[in-house]
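Asks: Here it is, the structure in full.
The values are calculated or read from the model by the stated rules, or taken from the named source; none is laboratory data. In this text, all values refer to a predicted model and were calculated from it rather than measured experimentally. Backbone-built Cβ (ideal geometry, glycine too); neighbour counts: all protein chains shown.
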Amino acid sequence: MKTNRWISTFCIGSICMTCGIGNLAGAVTPVEARVDSVLRLMTLTEKIGQMNQISNTEELTGQQIEYFDTKELIKGGHVGSMLNVSGAEQTRRYQEIAVNDTRLRIPLIFGMDIVHGFKTISPIPLAESCSWNLDLIEQSARVAASEATAAGLHWTFAPMVDITRDPRWGRVIEGAGEDPYLGSAIAVARVKGFQGDDLAAHNTMAACAKHFAGYGAGEGGREYNTVDISEQRLRELYLPPFAAAAEAGVATFMTSFNELMGVPATGSSFLVRDILKGEWNYDGMVVSDWSSVAEIAVHGVAEGKSGAARLAVTAGCDMDMEGHCYVSELEDLVRRGIVDESLIDDAVRRILRLKFELGLFDDPYRYCDAGREARETLSAEKRDAVRAMARESIVLLENRDGILPLSNRYKNIALIGPLADNPDDMLGSWCALGNGKNVVDIRQGIEQAVGESATIHYAKGCDIESDDRSGFPEAIRVAKSCDVAVVCLGEDRFMSGEGASRAKITLPGVQRELLQEIKETGTPIVLLLNNGRPLVLDWEKEHIGTIVECWQLGVEAGNAIADVLFGAYNPSGKLAMSFPYTEGQIPVYYNYKNTGRPYEPEMRYVSHYQDCPNEPLYSFGYGLSYTRFEYGAIELDSDTLVEGNTLRVTVPVTNTGNYDGDEVVQLYIRDVCARVTRPVKELKGFEKITLKKGETRSVVFELSLPDLEYVLADGRRVWDPGMFEVFVGGNPDEVKKAEFMLVAK
Ligand code: GLC
């Protein structure tokens, strides 16, 4: 077969060159030698072609700014990567052009946003983060990788690791919430899930830490908006998950759309060249976001595509996604001596290295296996994994009425609301090739769970976002006729995600009014929320005694929700992001600074609002269970931690309720006095444990110097001898406290 002949010829060629180079350059890794052997053969045009990424024009995930003949562009050696192409057959067709019809036959790399699933869609990442279950989160990414690679994909533009404290920003859906410690742990879990320990394996794929950096700090929570934060805050809040992903070996990074300190991130040498490739010594590949190279000119810091291309390649952006700047401008810039070819070589080296590491040079069709695609897609095993993930992503916000879990005494259950019989909106906005026809929605899940033991009476009640109240009477009639009303409210899947910032984040349309009318009937209510961001739920919290945050849980949403509603699983989720009382309170988060005038009741001249509390409606780390967990006193193995030693923190936790359950035991610290202000609490450890009713277990954490360090604006990690407070509990507001002194040797 032509392909086999090509591979043997090329490999022989590269191996010979490898041997030669090996003798000359000492011990070089096989990949590096093979990269060099290819780079040496390439013309400047071919090198720049590798730095160009174009989208499949049928599946755009951004605004198309240029129109082109894809196949001719590939044949001309002007394409290194494509995005939004999937399927064993379709990827094979494009790969055959690159491998058979170009001079050097360098294979393409195919990427897509496999953010939380390919076809077997798992919960949105913000929901998964509320599980605090790193093993399940890793498994969820592995399920996605297994399915996507069976469909010819090599590279996912995930995990999104942007920390954010602003629920008006629609992309909170994609991340891990507000905390850098939890965000870092989850970033690592997702990278490991996607990449496994061998990128060349047929069921693993290159991951991409995005969006580098600070994208979650857009002013006003407005999409793509200006980001202007101190370097201190950048380094202590927004960079840690990226550093953790780099440390975990993430294969690629993606630069962000936003400007940072006056410079667009995609053209920021400070961010990419100095921090990522300099301080962190990152040797992976950096891709721009969609047309973010071209947008450098729109930001107003470059003259047209040529200036944008120069700034981006100088900054260290290796590949231009759908910006068409590199492919059209770089050759001229190099020939005129404005851009040094060494920058091109560095970028192309990183791109080629990734393709070698994925095994694409050895077998460009390794991932184009239609048989495996059929076997792997939506398998029962994958659905089971996603259901387990979904169950643990659910957060019980209120259970004051004690009606959960629903017992079998409820024979007539009203199921009301625009999210009840709605498979599509369970998928979330970044659902790759997810399809509503593969979703078990809430109505299906509950009907399957109750079987003949109860009757479900459904009424939609209202739309997600309209002022049409014509469905109210039927919904009220149904509620009155039943023993309990399960009311499913929230957002549609495109109210969050990219391009979905919202200035008002109460329940859209007339959903709250519907809830108020059902409340008037006196029928007990279980409020199920399906949303992609924290919402303003002040009225709901005050008037509804049973509230369950279900997020957007993917293809197994209905089954997972039924598992929790009827007690097959005792909810264990803890919020990864705070819910505000009102939009006016944003940003509100748990790891706030003390200020010089911390809040005191009845005092005027202290840090407070006259019309709203300081604390959030629901805090980061908060979530209820059907049982209760009681924490004993913290025991420290010493009241002093000497630099270089370890301090053991032990806390007994008892399940004092009537259900077995999982609890996320959280450890926070406070650095009482430091060179810069420190938060009143910082998450520095957590462990998810399972306790049978009546069971007690001592949870042990170990603290050492790295846990107590912080970063200064100049990037130095430092620590200060002195008093530290340590807190342990099931959320940051209900904790046991102890103190210790940190001392130098
Ligand atoms: C989008 C997103 C980015 C995504 C890329 C490719 O604009 O910002 O997260 O990976 O384009 O779809």
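Asks: With respect to Glu32, is the statement that it is in a helix (DSSP H, G or I), surrounded by fewer than 21 Cβ atoms within 10 Å (Cβ to Cβ) and in contact (Cβ under 8 Å) with a residue 24 or more places away in the chain true?
Replies: Answer is yes for this residue.
Asks: Return the only residue of Arg336, Arg387 being within 30 Å of Gly316 (Cβ to Cβ) and basic (Lys, Arg).
Replies: Arg336
Asks: What are the residues in the range 326-369 that are of a type in the set (Ser, Thr, Tyr) and within 20 Å of Ala201 (Cβ to Cβ), if any?
Replies: Step one: of the range 326-369, the residues of a type in the set (Ser, Thr, Tyr) are 326, 328, 342, 365, 367.
Answer for the range 326-369, where residues must be of a type in the set (Ser, Thr, Tyr) and within 20 Å of Ala201 (Cβ to Cβ): Tyr365, Tyr367.
Asks: Among residues belonging to the range 151-182 that are away from the ligand (no atom under 15 Å from the Cβ) and more than 23 Å from Ile586 (Cβ to Cβ), point out the one that is surrounded by the fewest Cβ atoms within 10 Å (Cβ to Cβ).
Replies: That would be Gly152.
Asks: Checking Gln95 against (1) over 24 Å from Leu683 (Cα atoms); (2) away from the ligand (no atom under 16 Å from the Cβ); (3) within 14 Å of the chain's Cα centre (by Cα): exactly one of these is not met. Which one?
Replies: (3)
Asks: For residues that are of a type in the set (Asp, Glu) and either in a helix (DSSP H, G or I) or buried (at least 21 other Cβ atoms within 10 Å of the Cβ) (or both), scanning just the range 284-318, find the one that is nearest to the ligand (Cβ to nearest atom). Walk me through it before giving the result.
Replies: Filtering the range 284-318 down to residues of a type in the set (Asp, Glu) leaves 289, 295, 303, 318.
Restricting the remaining residues to those that are either in a helix (DSSP H, G or I) or buried (at least 21 other Cβ atoms within 10 Å of the Cβ) (or both) gives 289, 295, 318.
Details: Asp289: 5, Glu295: 11, Asp318: 15 Å.
For the range 284-318, the residue satisfying everything is Asp289.
Asks: Filtering the range 253-283 down to residues that are hydroxyl-bearing (Ser, Thr, Tyr) and away from the ligand (no atom under 16 Å from the Cβ), which residue is surrounded by the fewest Cβ atoms within 10 Å (Cβ to Cβ)?
Replies: Initial filter on the range 253-283 (hydroxyl-bearing (Ser, Thr, Tyr)): 255-256, 266, 268-269, 282.
Going one step further and asking which of them are away from the ligand (no atom under 16 Å from the Cβ), we end up with 268-269, 282.
On the way: Ser268: 29, Ser269: 16, Tyr282: 23.
Among those residues, the one meeting the criterion is Ser269.
Asks: Got a sec? Which of Ala141, Ala148, Ala185, Ala127 is over 9 Å from the mean Cα position of the chain (by Cα), in a helix (DSSP H, G or I) and within 15 Å of the ligand (Cβ to nearest atom)? Give the derivation first.
Replies: Values: Ala141 fails: within 15 Å of the ligand (Cβ to nearest atom); Ala185 fails: within 15 Å of the ligand (Cβ to nearest atom); Ala127 fails: within 15 Å of the ligand (Cβ to nearest atom).
Just a single option satisfies the conditions, and that option is Ala148.
Asks: Right, something else. What's the number of the only condition in (1) under 28 Å from the mean Cα position of the chain (by Cα); (2) loosely packed, with under 14 Cβ neighbours inside 10 Å; (3) at pLDDT below 95 that Val711 fails to meet?
Replies: With (1) under 28 Å from the mean Cα position of the chain (by Cα); (2) loosely packed, with under 14 Cβ neighbours inside 10 Å; (3) at pLDDT below 95 applied to Val711, the lone miss is (2).
Asks: Working only within the range 420-469, note down all residues that are on the phi > 0 side of the Ramachandran plot and either without any contact (Cβ under 8 Å) to a residue 40 or more places away in the chain or in contact with a Pro (Cβ under 6 Å, 6 or more places away or on another chain) (or both). Full working, then the answer.
Replies: Filtering the range 420-469 for residues on the phi > 0 side of the Ramachandran plot gives 428, 432, 451, 461.
If the condition is that a residue be on the phi > 0 side of the Ramachandran plot and either without any contact (Cβ under 8 Å) to a residue 40 or more places away in the chain or in contact with a Pro (Cβ under 6 Å, 6 or more places away or on another chain) (or both), then Gly451 is the only one that fits.
Asks: Please determine, by comparing only the residues of the range 659-677 that are assigned to a loop (DSSP other than H, G, I, E, B) and within 16 Å of Thr696 (Cβ to Cβ), which one is nearest to the chain's Cα centre (by Cα). Full working, then the answer.
Replies: Keep residues of the range 659-677 that are assigned to a loop (DSSP other than H, G, I, E, B), which gives 659-660, 672-677.
Going one step further and asking which of them are within 16 Å of Thr696 (Cβ to Cβ), we end up with 659-660.
Values: Tyr659: 31, Asp660: 30 Å.
Checked the range 659-677; the qualifying residue nearest to the chain's Cα centre (by Cα) is Asp660.
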